[in-house]
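The values are calculated or read from the model by the stated rules, or taken from the named source; none is laboratory data. What you see is a predicted model, and the numbers here were worked out from it, not measured in a lab. Every residue, glycine as well, gets a Cβ built from its backbone with ideal geometry; the counts of neighbours run over all protein chains shown. Accessible surface is based on the protein model in full, side chains and every heavy atom, while ligands, DNA and RNA are left aside. Shrake-Rupley method; radii C 1.70, N 1.55, O 1.52, S 1.80 Å.
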Amino acid sequence: MTHSPLIITCAPVGAELTRDICPGLPLSPAEIALAAEEAVSAGAAIIHLHVRGKNGRPSQSIEIFDEVTKKIKERCDCIIQYSTGGAVGSPLQKRLDPLVLDPEMATLSMGTMNFGAEIYENSQQTITALAAIMQEKNISPELEIFDLGMLEAVPQYIRNGVLPENYHLDFVLGVPGGMAATISNLVLLTDRLDADQTWTVAALGRFQLPMTAHAIAMGGHVRVGFEDNIYFRRGELAGSNGQLVARVTRLAGELERPVATVAEARDILGLV
Ligand code: KMH
Ligand code: ZN
(Lines give C-alpha, C1' and ligand atoms only; values in the text may rest on other atoms or scores of the structure.)
(Ligands and ions follow the chains in the order given, each with its own letter.)
Protein backbone atom coordinates (compact mmCIF):
# COMPACT_ATOMS: atom_id res chain seq x y z
CA MET A 1 0.00 0.00 0.00
CA THR A 2 1.37 3.34 -1.01
CA HIS A 3 0.67 6.75 0.45
CA SER A 4 2.04 8.66 -2.52
CA PRO A 5 -0.09 11.46 -3.98
CA LEU A 6 -2.84 10.41 -6.36
CA ILE A 7 -3.15 12.26 -9.66
CA ILE A 8 -6.76 12.57 -10.76
CA THR A 9 -7.44 13.24 -14.42
CA CYS A 10 -10.85 14.41 -15.54
CA ALA A 11 -12.01 13.81 -19.12
CA PRO A 12 -15.08 16.05 -19.16
CA VAL A 13 -16.45 15.66 -22.68
CA GLY A 14 -14.74 13.18 -25.04
CA ALA A 15 -15.71 12.79 -28.66
CA GLU A 16 -18.43 10.18 -28.65
CA LEU A 17 -21.19 11.44 -26.35
CA THR A 18 -24.21 13.59 -27.08
CA ARG A 19 -26.52 15.64 -24.84
CA ASP A 20 -29.32 13.17 -25.61
CA ILE A 21 -27.66 10.52 -23.50
CA CYS A 22 -25.73 12.78 -21.13
CA PRO A 23 -27.73 15.92 -20.32
CA GLY A 24 -24.91 17.43 -18.23
CA LEU A 25 -22.34 17.12 -21.04
CA PRO A 26 -20.35 20.36 -21.41
CA LEU A 27 -20.12 21.38 -25.07
CA SER A 28 -19.41 25.08 -25.55
CA PRO A 29 -16.01 26.54 -24.61
CA ALA A 30 -17.58 28.25 -21.57
CA GLU A 31 -19.24 25.03 -20.44
CA ILE A 32 -16.07 22.98 -20.85
CA ALA A 33 -14.06 25.58 -18.93
CA LEU A 34 -16.61 25.60 -16.11
CA ALA A 35 -16.59 21.78 -16.00
CA ALA A 36 -12.79 21.86 -15.83
CA GLU A 37 -12.84 24.35 -12.97
CA GLU A 38 -15.35 22.24 -11.04
CA ALA A 39 -13.24 19.12 -11.61
CA VAL A 40 -10.06 20.89 -10.47
CA SER A 41 -11.82 22.26 -7.38
CA ALA A 42 -12.91 18.70 -6.59
CA GLY A 43 -9.34 17.37 -6.87
CA ALA A 44 -8.40 16.88 -10.53
CA ALA A 45 -4.89 17.96 -11.59
CA ILE A 46 -5.14 17.04 -15.28
CA ILE A 47 -7.90 17.94 -17.73
CA HIS A 48 -7.95 15.58 -20.73
CA LEU A 49 -9.33 17.88 -23.38
CA HIS A 50 -11.55 17.27 -26.37
CA VAL A 51 -13.55 20.17 -27.76
CA ARG A 52 -16.73 20.53 -29.76
CA GLY A 53 -17.78 22.77 -32.62
CA LYS A 54 -20.81 25.09 -32.56
CA ASN A 55 -22.95 22.15 -33.71
CA GLY A 56 -21.82 20.11 -30.71
CA ARG A 57 -19.88 17.71 -32.91
CA PRO A 58 -16.26 16.75 -32.03
CA SER A 59 -13.72 19.17 -33.44
CA GLN A 60 -9.94 19.44 -33.70
CA SER A 61 -10.13 23.15 -34.57
CA ILE A 62 -7.05 25.05 -33.40
CA GLU A 63 -9.20 28.12 -32.70
CA ILE A 64 -11.57 26.22 -30.44
CA PHE A 65 -8.77 24.44 -28.56
CA ASP A 66 -7.16 27.86 -28.08
CA GLU A 67 -10.39 29.44 -26.84
CA VAL A 68 -11.14 26.61 -24.41
CA THR A 69 -7.54 26.55 -23.14
CA LYS A 70 -7.63 30.30 -22.44
CA LYS A 71 -10.98 30.01 -20.71
CA ILE A 72 -9.75 27.16 -18.50
CA LYS A 73 -6.57 29.06 -17.61
CA GLU A 74 -8.65 32.11 -16.64
CA ARG A 75 -10.54 29.94 -14.16
CA CYS A 76 -7.88 27.64 -12.69
CA ASP A 77 -4.38 26.22 -12.87
CA CYS A 78 -4.23 22.63 -14.10
CA ILE A 79 -2.33 20.45 -16.53
CA ILE A 80 -4.17 20.63 -19.83
CA GLN A 81 -3.72 17.48 -21.85
CA TYR A 82 -4.89 17.70 -25.46
CA SER A 83 -6.43 14.69 -27.15
CA THR A 84 -4.65 13.76 -30.35
CA GLY A 85 -7.06 10.85 -30.71
CA GLY A 86 -9.96 13.10 -31.63
CA ALA A 87 -12.95 11.14 -32.83
CA VAL A 88 -12.69 7.82 -34.68
CA GLY A 89 -11.90 8.70 -38.28
CA SER A 90 -10.28 12.10 -37.59
CA PRO A 91 -7.61 12.64 -40.27
CA LEU A 92 -4.01 12.72 -39.06
CA GLN A 93 -3.54 16.40 -39.86
CA LYS A 94 -6.58 17.31 -37.74
CA ARG A 95 -5.22 15.22 -34.89
CA LEU A 96 -1.89 17.05 -35.13
CA ASP A 97 -3.31 20.55 -35.53
CA PRO A 98 -3.94 21.57 -31.88
CA LEU A 99 -0.35 20.72 -30.94
CA VAL A 100 0.74 24.05 -32.46
CA LEU A 101 -0.67 25.56 -29.26
CA ASP A 102 2.04 23.86 -27.15
CA PRO A 103 -0.06 22.06 -24.56
CA GLU A 104 1.79 20.76 -21.51
CA MET A 105 0.68 17.20 -22.30
CA ALA A 106 -1.03 15.33 -25.13
CA THR A 107 -2.30 11.82 -25.64
CA LEU A 108 -0.80 9.31 -28.02
CA SER A 109 -2.80 6.16 -28.79
CA MET A 110 -0.44 3.24 -29.25
CA GLY A 111 -2.19 1.03 -31.79
CA THR A 112 -5.05 0.39 -34.18
CA MET A 113 -8.11 -1.38 -32.84
CA ASN A 114 -11.79 -2.05 -33.24
CA PHE A 115 -13.57 0.71 -31.31
CA GLY A 116 -17.07 -0.66 -31.00
CA ALA A 117 -18.29 -0.99 -34.58
CA GLU A 118 -15.61 1.36 -35.93
CA ILE A 119 -11.89 1.18 -36.55
CA TYR A 120 -9.67 3.50 -34.52
CA GLU A 121 -6.64 3.88 -36.75
CA ASN A 122 -3.23 4.34 -35.13
CA SER A 123 -0.73 2.85 -37.55
CA GLN A 124 2.99 2.96 -36.89
CA GLN A 125 3.17 5.94 -39.28
CA THR A 126 0.43 7.79 -37.39
CA ILE A 127 2.08 7.16 -34.03
CA THR A 128 5.45 8.25 -35.38
CA ALA A 129 4.07 11.47 -36.88
CA LEU A 130 2.26 12.45 -33.66
CA ALA A 131 5.23 11.52 -31.47
CA ALA A 132 7.64 13.51 -33.65
CA ILE A 133 5.72 16.76 -33.16
CA MET A 134 5.45 16.09 -29.42
CA GLN A 135 9.21 15.52 -29.15
CA GLU A 136 9.96 18.59 -31.27
CA LYS A 137 7.72 20.78 -29.12
CA ASN A 138 8.62 19.13 -25.80
CA ILE A 139 5.01 18.11 -25.17
CA SER A 140 4.83 15.33 -22.62
CA PRO A 141 3.06 12.26 -24.04
CA GLU A 142 0.51 10.17 -22.23
CA LEU A 143 0.46 6.83 -24.01
CA GLU A 144 -3.07 5.51 -24.37
CA ILE A 145 -2.95 1.74 -23.96
CA PHE A 146 -6.12 -0.10 -24.95
CA ASP A 147 -4.57 -3.57 -25.16
CA LEU A 148 -1.49 -5.48 -24.02
CA GLY A 149 0.23 -5.45 -27.42
CA MET A 150 0.17 -1.66 -27.42
CA LEU A 151 2.19 -1.64 -24.20
CA GLU A 152 4.57 -4.28 -25.50
CA ALA A 153 5.26 -2.09 -28.56
CA VAL A 154 6.52 0.84 -26.47
CA PRO A 155 10.22 -0.18 -26.00
CA GLN A 156 10.76 -0.47 -29.75
CA TYR A 157 9.50 3.10 -30.27
CA ILE A 158 11.92 4.27 -27.57
CA ARG A 159 14.83 2.38 -29.13
CA ASN A 160 14.02 4.01 -32.48
CA GLY A 161 13.98 7.46 -30.87
CA VAL A 162 10.29 7.96 -31.69
CA LEU A 163 9.27 8.11 -28.03
CA PRO A 164 11.18 9.80 -25.21
CA GLU A 165 12.33 7.89 -22.12
CA ASN A 166 9.89 9.82 -19.95
CA TYR A 167 6.21 9.19 -20.62
CA HIS A 168 3.04 8.55 -18.67
CA LEU A 169 0.75 5.60 -19.34
CA ASP A 170 -3.03 5.54 -19.41
CA PHE A 171 -4.68 2.12 -19.42
CA VAL A 172 -8.04 2.66 -21.11
CA LEU A 173 -9.94 -0.48 -20.23
CA GLY A 174 -13.38 -1.63 -21.29
CA VAL A 175 -13.63 -0.32 -24.86
CA PRO A 176 -15.45 -2.96 -26.93
CA GLY A 177 -12.58 -4.26 -29.07
CA GLY A 178 -9.94 -3.50 -26.43
CA MET A 179 -8.87 -5.06 -23.16
CA ALA A 180 -11.60 -5.60 -20.58
CA ALA A 181 -11.67 -3.58 -17.36
CA THR A 182 -10.74 -6.34 -14.93
CA ILE A 183 -8.38 -6.50 -12.00
CA SER A 184 -6.44 -9.38 -13.53
CA ASN A 185 -5.87 -7.36 -16.71
CA LEU A 186 -4.68 -4.37 -14.71
CA VAL A 187 -2.25 -6.59 -12.81
CA LEU A 188 -1.04 -8.13 -16.09
CA LEU A 189 -0.35 -4.65 -17.49
CA THR A 190 1.27 -3.14 -14.42
CA ASP A 191 3.37 -6.17 -13.43
CA ARG A 192 5.75 -5.56 -16.31
CA LEU A 193 6.39 -1.88 -15.55
CA ASP A 194 9.48 -0.43 -13.92
CA ALA A 195 8.77 0.54 -10.32
CA ASP A 196 8.99 4.26 -11.08
CA GLN A 197 6.75 4.17 -14.19
CA THR A 198 3.64 6.29 -13.69
CA TRP A 199 0.27 5.00 -14.87
CA THR A 200 -3.40 5.89 -14.80
CA VAL A 201 -6.49 3.76 -15.23
CA ALA A 202 -9.45 5.03 -17.24
CA ALA A 203 -12.09 2.32 -16.99
CA LEU A 204 -15.31 2.62 -18.93
CA GLY A 205 -18.89 2.68 -17.73
CA ARG A 206 -19.82 0.62 -14.70
CA PHE A 207 -16.24 -0.55 -14.35
CA GLN A 208 -15.01 2.93 -13.60
CA LEU A 209 -15.74 2.88 -9.89
CA PRO A 210 -14.30 -0.53 -8.95
CA MET A 211 -11.24 -0.10 -11.17
CA THR A 212 -10.66 3.37 -9.71
CA ALA A 213 -10.67 1.88 -6.22
CA HIS A 214 -8.19 -0.82 -7.30
CA ALA A 215 -5.88 1.65 -9.00
CA ILE A 216 -5.82 3.85 -5.90
CA ALA A 217 -4.96 0.85 -3.73
CA MET A 218 -2.27 -0.31 -6.19
CA GLY A 219 -0.49 3.04 -6.20
CA GLY A 220 -1.60 4.08 -9.69
CA HIS A 221 -3.46 7.18 -10.77
CA VAL A 222 -7.01 7.50 -12.07
CA ARG A 223 -9.14 9.14 -14.73
CA VAL A 224 -12.84 9.79 -14.45
CA GLY A 225 -15.29 12.00 -16.31
CA PHE A 226 -18.10 11.82 -18.81
CA GLU A 227 -15.81 10.72 -21.66
CA ASP A 228 -15.51 7.33 -19.97
CA ASN A 229 -18.59 7.05 -17.78
CA ILE A 230 -21.78 9.04 -17.37
CA TYR A 231 -23.32 7.26 -14.37
CA PHE A 232 -22.84 8.07 -10.72
CA ARG A 233 -24.36 4.78 -9.69
CA ARG A 234 -26.48 2.11 -11.33
CA GLY A 235 -29.48 3.80 -12.96
CA GLU A 236 -28.45 7.31 -11.87
CA LEU A 237 -26.67 9.67 -14.23
CA ALA A 238 -23.88 11.80 -12.78
CA GLY A 239 -24.90 15.46 -12.61
CA SER A 240 -21.45 16.79 -13.39
CA ASN A 241 -17.84 15.82 -13.93
CA GLY A 242 -17.05 17.43 -10.59
CA GLN A 243 -19.34 14.97 -8.86
CA LEU A 244 -17.34 12.05 -10.27
CA VAL A 245 -14.02 13.64 -9.28
CA ALA A 246 -15.27 14.42 -5.77
CA ARG A 247 -16.03 10.75 -5.22
CA VAL A 248 -12.47 9.80 -6.18
CA THR A 249 -11.17 12.37 -3.69
CA ARG A 250 -13.32 10.80 -0.96
CA LEU A 251 -12.17 7.28 -1.87
CA ALA A 252 -8.54 8.39 -1.86
CA GLY A 253 -9.01 9.83 1.61
CA GLU A 254 -10.33 6.51 2.91
CA LEU A 255 -7.43 4.68 1.28
CA GLU A 256 -4.89 7.16 2.65
CA ARG A 257 -3.75 8.53 -0.69
CA PRO A 258 -3.45 12.30 -0.57
CA VAL A 259 -4.78 13.87 -3.74
CA ALA A 260 -1.95 15.45 -5.76
CA THR A 261 -1.98 19.19 -6.16
CA VAL A 262 -1.28 20.45 -9.65
CA ALA A 263 2.31 21.26 -8.61
CA GLU A 264 2.77 17.77 -7.18
CA ALA A 265 1.33 16.23 -10.34
CA ARG A 266 3.79 18.22 -12.47
CA ASP A 267 6.61 16.99 -10.27
CA ILE A 268 5.50 13.33 -10.35
CA LEU A 269 5.13 13.43 -14.13
CA GLY A 270 8.43 15.22 -14.68
CA LEU A 271 6.80 18.24 -16.29
CA VAL A 272 8.83 20.77 -14.34
N1 KMH B 1 -12.21 9.27 -29.05
C2 KMH B 1 -11.44 8.08 -29.14
C3 KMH B 1 -11.63 7.44 -30.47
C4 KMH B 1 -7.58 10.21 -26.91
O5 KMH B 1 -8.27 11.14 -26.52
O6 KMH B 1 -6.39 10.27 -27.04
C7 KMH B 1 -10.01 8.33 -28.91
C8 KMH B 1 -9.64 9.02 -27.67
C9 KMH B 1 -8.23 8.89 -27.26
O10 KMH B 1 -10.43 9.65 -27.00
ZN1 ZN C 1 -10.01 11.20 -25.19
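Here is how the numbers come out for the structure above:
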{"read-out": "Filtered residue count, the range 135-146, keeping only those that are without any contact (Cβ under 8 Å) to a residue 40 or more places away in the chain and within 16 Å of ligand 2 (Cβ to nearest atom)", "value": "3"}
{"read-out": "Residues located in the range 44-71, provided they are away from ligand 1 (no atom under 16 Å from the Cβ) and either surrounded by fewer than 23 Cβ atoms within 10 Å (Cβ to Cβ) or modelled with pLDDT under 95 (or both)", "value": "Lys54, Asn55, Ile62, Glu63, Asp66, Glu67, Lys70, Lys71"}
{"read-out": "Residues of the range 109-133 classified as outside any loop (DSSP other than H, G, I, E, B), free of Cβ contacts under 8 Å to residues at least 40 places away in the same chain and not hydroxyl-bearing (Ser, Thr, Tyr), total", "value": "9"}
{"read-out": "Qualifying positions in the range 7-43 - within 13 Å of ligand 2 (Cβ to nearest atom) and either part of a loop (DSSP other than H, G, I, E, B) or open to solvent by 20 Å² or more (accessible area, probe 1.4 Å) (or both)", "value": "Ala11, Pro12, Val13, Gly14, Ala15, Glu16, Leu17"}
{"read-out": "Conditions (1) touching a Gly at 6+ places or on another chain (Cβ under 7 Å); (2) farther than 22 Å from Leu108 by Cα; number of the one not met by Pro176", "value": "(2)"}
{"read-out": "Filtered residue count, the range 152-174, keeping only those that are of a type outside the set (S, T, N, Q) and more than 16 Å from the chain's Cα centre (by Cα)", "value": "12"}
{"read-out": "Verdict on Asp77 being away from ligand 2 (no atom under 16 Å from the Cβ), open to solvent by 30 Å² or more (accessible area, probe 1.4 Å) and part of a loop (DSSP other than H, G, I, E, B)", "value": "yes"}
{"read-out": "Evaluation of Met150 against (1) outside any loop (DSSP other than H, G, I, E, B); (2) without any contact (Cβ under 8 Å) to a residue 24 or more places away in the chain (one fails), failing number", "value": "(2)"}
{"read-out": "The range 60-77 residues that are in contact (Cβ under 8 Å) with a residue 12 or more places away in the chain, paired with ones that are part of a helix (DSSP H, G or I) and exposed (fewer than 14 other Cβ atoms within 10 Å of the Cβ) (beta carbon under 7 Å, 6 or more apart)", "value": "Ile62/Val100; Lys71/Ala30"}
{"read-out": "Odd one out for Pro176 among (1) open to solvent by 50 Å² or more (accessible area, probe 1.4 Å); (2) under 25 Å from Val100 (Cβ atoms)", "value": "(2)"}
{"read-out": "Criterion: of a type in the set (A, V, I, L, M), within 16 Å of ligand 1 (Cβ to nearest atom), surrounded by 16 or more Cβ atoms within 10 Å (Cβ to Cβ) and under 18 Å from Ala11 (Cα atoms) - qualifying residue of Ala202, Ala238, Ala215", "value": "Ala202"}
